[in-house]
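**Student:** Please find one structure pasted underneath; my questions will follow.
The values are calculated or read from the model by the stated rules, or taken from the named source; none is laboratory data. This one's a predicted model, so the numbers in the text were calculated from it and none came from an experiment. All Cβ positions, even for glycine, are placed from backbone atoms using ideal geometry, and neighbour counts span all protein chains on display. We work out accessible area using only protein heavy atoms, side chains counted, and drop any ligands, DNA or RNA first. Shrake-Rupley method; radii C 1.70, N 1.55, O 1.52, S 1.80 Å.
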Amino acid sequence: MIIEFFILAIVQYTLNIIKFFNNNFTNDESRKLYMFLSTFVVVGFLSWRLAFVFDWNDFENFSGMLVLTWMFLTPLLIFQSLWISWFDSKNKIKKQDLID
């Protein structure tokens, strides 16, 4: 189940990066906040994993704080991504109605 969660998170993060840099999607404050927070989580997680590989003892002081922020940010980011996707589909329907 943990592996499936990380696979879904990687796919979701990748799709949102593509949408962020695509001109067909609006870059409102919600998407910018999502990109900032999700990048913080991804960079923090990769740093945390590298700390084990390279035995960075100073990083242990921050690891507890990182895990705590992940616990709060992960559900928030999931709902934020769903909200952004819903808003994108709503805008797509509006554009399609204007074309028809």
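**Student:** Restricting to the range 33-52, what's the tally of residues that are touching a residue at least 12 places away in the same chain (Cβ under 8 Å) and either farther than 11 Å from Ser81 by Cα or open to solvent by less than 50 Å² (accessible area, probe 1.4 Å) (or both)? Talk me through it step by step, then tell me what you get.
**Tutor:** In the first step, residues of the range 33-52 are kept if they are touching a residue at least 12 places away in the same chain (Cβ under 8 Å); the result is 33-35, 37-38, 40-42, 44-45, 47-48, 51.
Then drop every residue that is not either farther than 11 Å from Ser81 by Cα or open to solvent by less than 50 Å² (accessible area, probe 1.4 Å) (or both), which leaves 34-35, 37-38, 40-42, 44-45, 47-48, 51.
Result for the range 33-52: 12.
**Student:** List the number of the failed condition for Pro75; all other conditions in (1) within 23 Å of Phe6 (Cβ to Cβ); (2) surrounded by fewer than 14 Cβ atoms within 10 Å (Cβ to Cβ); (3) more than 12 Å from the chain's Cα centre (by Cα); (4) not aromatic (Phe, Trp, Tyr) hold.
**Tutor:** With respect to (1) within 23 Å of Phe6 (Cβ to Cβ); (2) surrounded by fewer than 14 Cβ atoms within 10 Å (Cβ to Cβ); (3) more than 12 Å from the chain's Cα centre (by Cα); (4) not aromatic (Phe, Trp, Tyr), Pro75 is out only on (3).
**Student:** Here's something else I'd like to know. Select, from Asn27, Asn61, the only residue that is among the polar types (S, T, N, Q) and surrounded by fewer than 11 Cβ atoms within 10 Å (Cβ to Cβ). Reasoning before the result, please.
**Tutor:** Numbers: Asn27 fails: surrounded by fewer than 11 Cβ atoms within 10 Å (Cβ to Cβ).
When all the criteria are applied, what remains is Asn61.
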